[in-house]
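As structure tokens, the structure follows; a few thoughts come after it.
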Amino acid sequence: HLMLSPVSVCCLRSKEIYVKAGEMVALLCPSYQNGDAKLTWTSYTTEETDLTNMSSVEQRQMGVLVHGWSLIVLCASVNHQGNYSLSASSQFWFRLTVNTAQSREHEEETKYSKTCYTAESCELFCPDENIPAVNTPTITSNGITWHKKGESWPIRSYFSRVEAKDSGVYTCTRSYLYHGQIYNMTFTVVLNVKTKEAAKTAEIISPHQDEVFPVDLGSAKVINCTAVVFSNFDGVFWVSGKTSVSQNTRSPVFYNLTREKHGDEIKITASLVFKKVSQEDLSKNYTCKLESVFQSSSLITITLVQKPRPSYTALALSIVGIVVVMVVTVVIYVKLKIDITLFLRDTLGCHRSTSDGKSYDAFLMCYKSDTDAGLNAYDRKQVESVLEETFGYSLCLYHRDILPGEAIAEAVLDRIEQCRTVVLVPTSPDPGLGSGVLSAIHAALVERQTHLIFIKTETTETSTSGSLAEALHLLSEAGDCVTWRGMRSMPPSSSFWKQLRYYLPVPQHAPKISLLPQTIQDVGC
């Protein structure tokens with residue numbers, strides 16, 4: 001609906017007016033023309049009729065009232081629909097359209113809208129378009145009443161704190177009294193209550209206030225100040241003290257600007273550039289300033305500090321600490337590797353799960369010790385008993401598993417073939433093994449890569465001359481040596497047993513712990 005003032009109507013020389021059937025409407029044009037000009041209102045609804053020269057009675061019979069520059073239709077009907085003209089020094093035209101209950105083609109043209117925001121005051125104003133002039137004689141205003149669509153009782157047009165539920169369609173009725181009769185003019189006002197969006201505020205998003213930037217003297221440095229604004233007239237720049245930083249790229253310190261627009265948001269970046277940071281720059285404060293046309297200025301001040309020189313003390317201490325840990329770890333492993341290995345075997349049950357085709361875990365043989373420090377019959381029996389009964393080893397014994405009458409050398413080699421390890425035990429009585437048998441053992445160990453454990457005593461000497469001493473020397477160098485220390489080596493928890501078990505393979509079967517000592521028989525090797 002084109003809302004035009006009477007002045008503009010007269011300037012445009014024509015106007016479309018819409019009125020509901022049964023209501024009053026005024027056709028108005030301001031009397032800015034020559035006051036002496038003759039005014040003539042003419043109706044072209046059915047036929048051309050001069051309304052100005054009619055008497056007041058005739059006008060009331062037609063339902064109209066002419067008064068100077070105003071033509072008032074008291075109660076509009078389809079008979080009043082059509083063209084009207086006002087002639088003075090020039091001619092003005094009006095086209096009156098009457099909306100009936102059956103014809104609502106132009107209903108939207110008579111609606112007005114009003115927008116208010118929640119939690120704020122709101123007042124509805126009744127439109128004053130095409131209403132009678134206040135100086136029209138015999139017509140007086142009888143006030144304005146408001147109704148909301150769907151409600152029957154009148155309401156107030158003022159809301160001290162409007163809410164969303166107040167949205168809706170409202171009707172205001174202007175009442176006029178003429179010759180003792182009330183005539184009405186109604187207008188429709190649509191109220192939209194919206195939530196007011198928070199005002200968008202321009203702000204600097206980086207850097208932060210009093211942020212410190214480490215720099216290297218003599219090196220280049222760029223510090224970006226980024227702000228989000230909502231006006232093309234907002235600006236960002238750098239100042240130092242009371243002096244603005246130059247944008248001249250030839251200066252040792254300058255700044256440049258970039259803008260990015262995303263919808264209503266504008267991102268401005270002012271890049272502060274130091275070609276070479278000097279000692280003087282460290283003593284200054286630099287401030288990024290945001291100037292906005294809609295709010296007060298924003299300031300962010302930053303400082304520069306020299307980066308500390310690298311310290312190698314911490315690095316040296318770390319290296320020393322790592323070396324110490326590695327050395328301690330190696331020492332602990334060397335000292336405790338036997339205990340660790342045995343712990344894994346005994347506690348976690350690390351036993352052989354598959355057979356390697358061997359019949360025995362170890363082959364025990366005696367060799368001649370030149371001193372009385374060799375193992376006697378009791379000690380040898382104790383060694384055999386602990387290995388078999390306590391630790392579960394399957395042993396092949398020279399004196400038990402080689403039958404009388406067998407060729408010694410061939411029988412020894414055959415038993416070595418069936419064993420995983422060969423253990424040589426020193427004894428002071430001569431076991432009767434000659435250098436030939438020992439040489440054959442050495443050859444078999446080399447050829448078949450059989451593991452040898454050479455038990456010696458603290459006073460074992462190899463002073464024996466000849467081929468026997470040479471054979472023992474070769475055997476002692478071919479395998480691992482374990483020292484027997486007499487009574488100190490008796491307990492199964494002694495270092496002798498730990499070393500011997502460490503060098504022996506894992507027993508094929510789980511150990512059988514013997515709670516009571518067996519009767520020891522004096523049986524030689």
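Every number in this text was worked out from the coordinates using simple rules, so none of it is lab data. Bear in mind the structure is a predicted one, so any value in this text is a computation, not a measurement. Here Cβ is always computed from backbone atoms with ideal geometry, including for glycine, and neighbour counts include all displayed protein chains.
Computed from the Cβ-Cβ distance with R0 of 60 Å, the FRET efficiency linking Q247 to T118 stands at 0.85. Taken one residue at a time, the phi angles of region 408-416 give Karplus couplings (6.51, -1.76, 1.60, θ = phi - 60°) of 4, 4, 5, 5, 5, 5, 5, 5, 4 Hz. Gly and Pro are set to x. Listed by chain and number, the aspartates and glutamates whose alpha-carbon sits under 15 Å from that of K38, ignoring those within fewer than 8 places in the same chain, are D50.
Couplings 3J(HN,Hα) of region 252-269, computed from phi: x, 10, 8, 9, 10, 10, 9, 10, 10, 10, 10, x, 7, 8, 10, 9, 10, 10 Hz, in residue order, whole Hz [Karplus 6.51 cos²θ - 1.76 cosθ + 1.60, θ = phi - 60°; x for Gly and Pro]. The H on the amide N of T457, modeled in the peptide plane, is under 5 Å from the matching H of W484, each at least 5 residues off or on a different chain.
Close amide-amide hydrogen proximity is noted between S206 and T226, each under 5 Å apart and 5 or more residues distant or on a separate chain (H modeled in the peptide plane; Pro and chain starts excluded).
Our estimate of slack between E260 and T301, defined as 0.36 nm per intervening residue step minus the Cα-Cα distance, is 12.4 nm. Annotation: average projected area of region 110-194 is 6.1 square nanometres, based on the convex hull of Cα atoms across all directions.
With both residues required to sit in region 203-306, DSSP beta bridges show an antiparallel share near 90%.
For each pair in K221/K267; K114/K267; K261/K307; K15/K148; K337/K381; K20/K165, compute the distance between the two Cα atoms and list the pairs where it is over 25 Å.
K114/K267; K261/K307; K15/K148; K337/K381; K20/K165
Panel note: the C-alpha atoms of region 203-306, placed on their principal axes, show extents of 41, 25, 22 Å (largest first).
Label positions at V331 and E16, each projected 7 Å from the Cα along the C-beta direction, are separated by 10.6 nm. Give the residue from F159, T171, F213 lying farthest towards the positive end of the charge dipole for region 153-262; charges sit on Cβ (+1 for Lys and Arg, -1 for Asp and Glu) and the dipole is referred to the Cα centre. Of the options given, the answer is T171. Each 5 Å bin from zero holds the following percent of Cα-Cα pairs in region 152-209: 4, 11, 15, 14, 11, 10, 7, 7, 6, 4, 4, 3, 2, 1, 1, 0.
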